[in-house]
1. Please list, ordered by residue number, the strands (runs of 3 or more DSSP E) wholly in the stretch 348-467 having 1 or more residues that are closer than 30 Å to VAL63 by Cβ.
2. What tally of residues in the stretch 195-242 results from selecting those that are under 19 Å from the mean Cα position of the chain (by Cα) and at pLDDT below 90?
3. Taking the conditions exactly as written (under 25 Å from the mean Cα position of the chain (by Cα), assigned by TED's automatic domain parsing to the domain that holds LEU411 and either of a type outside the set (Lys, Arg) or in a strand (DSSP E or B) (or both)), does ASP486 satisfy them or not?
4. Give the residues of the stretch 73-90 that are surrounded by 16 or more Cβ atoms within 10 Å (Cβ to Cβ) and either assigned by TED's automatic domain parsing to the domain that holds ASP397 or among the hydrophobic types (A, V, I, L, M, F, W, C) (or both), sorted by residue number.
5. So GLY350 fits all but one of (1) farther than 30 Å from ALA240 by Cα; (2) small (Gly, Ala, Ser); (3) touching a strand residue (DSSP E or B) at 6+ places or on another chain (Cβ under 8 Å); what number is the exception?
6. Here are ALA195, ALA184: which of them is crowded, with 20+ Cβ neighbours inside 10 Å, touching a Pro at 6+ places or on another chain (Cβ under 8 Å) and over 30 Å from GLY350 (Cα atoms)?
7. Can you run down the residue pairs with Cβ atoms below 6 Å, 6 or more apart or on separate chains, where the first is in the stretch 279-292 and of a type in the set (D, E, K, R) and the partner is surrounded by 13 or more Cβ atoms within 10 Å (Cβ to Cβ)?
8. Which residue is nearest to the chain's Cα centre (by Cα), if the candidates are limited to the stretch 314-345 and must be within 15 Å of PRO220 (Cβ to Cβ) and part of a helix (DSSP H, G or I)?
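The values are calculated or read from the model by the stated rules, or taken from the named source; none is laboratory data. This structure is a prediction, so every number in the text was calculated from the model and none was measured. All Cβ positions, even for glycine, are placed from backbone atoms using ideal geometry, and neighbour counts span all protein chains on display.
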Amino acid sequence: MARRHLLVFLPGIGGSVLATHPRGAHPPETLWTARIPNIASTLRSPDRLSVEESPDLVPTGLVRSTTVLPGLSILPGYERVAARLAALPGAVPDVCRPDRPRVPGANVLMFPYDFRRGVAHAAVRLRDEIDARLHGLSRSERAGRVIVVGHSMGGLVARHWLGPLGGAPDCRALITLGTPHRGAPKALDVLVNGARCAGLNFRGTTEVIRGWQGVADLLPRYRMILDTTTGRPLYPHELAGLAPRRPGPPPAPVPGLGLAASARDMHRDIETGWARLGAEGQPPRPEVVARIGFGHATASGAVWDGRELKVDDVHPYWLPAPGWEEDRGDHTVPAVSALPLELSGHSPQGLRVSQRHGPMGEAKFITDLVEAYERYGSTESVQGTERPDALGLDLPDAHAVGTTLRVTVRLPDGARDRVLADPGLLPAAWIWIAPEPEPGEPAVPTDPVQLTWDAGTGTYVHDWKPGTPGYYGVRIRARAVPGAGDLSVHDVLAVVE
């Protein structure tokens, strides 16, 4: 079976392997794989990934196992979704590596990119790659030929190609998975307050990350900062020019936001480019399908008191978001931010999913959506429910070895209210914590532990003290949840020394 579409998958920030260029007798050196030893060496010697020191790294593939970018996000190993996509009927897979020849006739592409350099930089390479793959086809043969799947930041890269760079005529559909269309407050937190991992603040790493346009490109595009000195809500780029009102000489500008203005301009370019699509004489907009995680504690708003910026997971009370205030997000991107701008005001029916940010990038529904376009030309056959019941998992991206971690799990709001009114309805819930296997290795079985119900907070809790560094899968299952049946949720935790 020949495939009709060229499928392109883009990972999120930190999801691409980066290596040096080979020079003479010196073979390339891999600088970013995001495994625990690689993260440790990066934290010790962050200049390895400085744009100033190493401006031209080569993206050589998608990370093959769980990754953590300190302070920002935890991402899945993309080898599972890559394997599923490569197994589709008629698939000819290839990895878009600028240092190797292309596979002739490839129709399923994994597109790594230098996430440090930002959305616009990656989008130019995406445009050139797709143009090369479609070279020789007529305009009518190219029309609607491409389907793009973007996880997290990858969705922004695709939008920049489609709008400002004119890729829309070639694209049938864009599928975004937890993409921060309106930005992610976690990016503001790490740029201003520093890159933190397991409770430690790494100043050298912070300075390197502050030079990454890719992190600045994730800054929120809405007034999520309340300036308590003036009572005004602010955009992140406005905060960059503020001076606290207090006696004495003016303080230094708020650190970390030197690239905020260029990030704002990049988002404006996307918005302007997409606003033109569909107008008279312009190409139509590709169909956009979003998947939005909800129910998990997610950095959503911030308060600036003239001295300190505090980011928390409470929806900014000064911002109206009808129907979205209680959705929280996927632990990295607020639910309302994962909604594409052109869908503002539309019903989110079928868009919400229970996965957290990382697992969303490897979910089985990705291949379901892709095949729905290949076979039927639409995604109607895989539409979800209006608001699926989900367990909310509060779990950090990283934790220090030898210290106690409290895992918190929330029932869906309706089920929690029923249990608080009638404790006899409390469902039993278990947690599994086990080391994540290396790619290709079997998982190590582990016994479940029953979660403890805390009636005071209306949540399940479990305290765990890891003794060995590494990545650990955390899985929770609850049986016979009132009004919802059996529910489960999982993610991965990085344990570091």
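1. Numbers: elements: 392-394, 398-400, 405-410, 429-435, 452-454, 459-464.
So the answer is 392-394, 398-400, 405-410, 429-435, 459-464.
2. The number of residues fulfilling the criteria is 3.
3. On the way: under 25 Å from the mean Cα position of the chain (by Cα): no; assigned by TED's automatic domain parsing to the domain that holds LEU411: yes; either of a type outside the set (Lys, Arg) or in a strand (DSSP E or B) (or both): yes.
So ASP486 does not fit the description; no.
4. Passing the criteria: ILE74, LEU75, VAL81, ALA82, LEU85, LEU88.
5. The failed condition is (3).
6. On the way: ALA184 fails: over 30 Å from GLY350 (Cα atoms).
Of ALA195, ALA184, the one residue that is crowded, with 20+ Cβ neighbours inside 10 Å, touching a Pro at 6+ places or on another chain (Cβ under 8 Å) and over 30 Å from GLY350 (Cα atoms) is ALA195.
7. Note: pairs meeting the criteria are ARG285/LEU277; GLU287/ALA173; ARG291/LEU177; ARG291/VAL353.
8. ALA338
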